[in-house]
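Below is one structure; the comments refer to it alone.
No value in this document is a laboratory result; all are computed from the given coordinates. From a predicted model like this one, the values you see are computed outputs, not experimental measurements. With ideal geometry, Cβ positions are generated from the backbone for all residues, glycine too; neighbour counts draw on all protein chains shown.
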Amino acid sequence: MESEEMSVADARRQFADVLNDAAVRGRITYITNRGRRIAAVVPVPIAETADQDHDGR
């Protein structure tokens, strides 16, 4: 699975592309602040699996 990192500022500028990459290409985009990962935009199936795993604990 593809992934990339981008700064908060770049993610803001490219938000539509980041969403499209997650939805269509299955890409995970890690959002960084000062070089540290703070969030991720992930495809829905990955998020749903994480929710199920969390709920099952």
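Within the shell of other residues whose beta carbon sits under 11 angstrom from the beta carbon of E2, the net charge comes to 0, with Lys and Arg scored +1 and Asp and Glu -1.
A cut-off under 12 angstrom between Cβ atoms defines the neighbours of A22, and their net charge, with Lys, Arg +1 and Asp, Glu -1, is -2. Starting from the Cα of L19, step 7 Å toward the Cβ, then list every residue of region 38-57 with an amide N under 15 Å from that point. Backbone N within reach: 41-44.
If R0 is 22 Å, what FRET efficiency do you get for D10 and Q52 from their C-beta distance, rounded to 0.05? Taking R0 as 22 Å, the efficiency between D10 and Q52 is 0.10.
Just to be sure I understand, if you calculate P(r) over Cα pairs in 5 Å bins from 0, in percent for this structure, which of (1) 4, 20, 26, 21, 16, 9, 3, 0; (2) 4, 16, 11, 13, 12, 12, 12, 8, 8, 4, 0; (3) 4, 20, 21, 19, 13, 9, 7, 4, 2, 1 do you get? Derived directly from the coordinates: (1). Its Cα centre serving as origin, the chain has a Cβ charge dipole (Lys and Arg +1, Asp and Glu -1) of approximately 320 debye. Calculated [222 nm] ellipticity per residue, helices only, for the chain: -11500 deg cm²/dmol; basis is -39500 (n - 2.57) per DSSP H run with n ≥ 4, divided by all residues, nearest 500.
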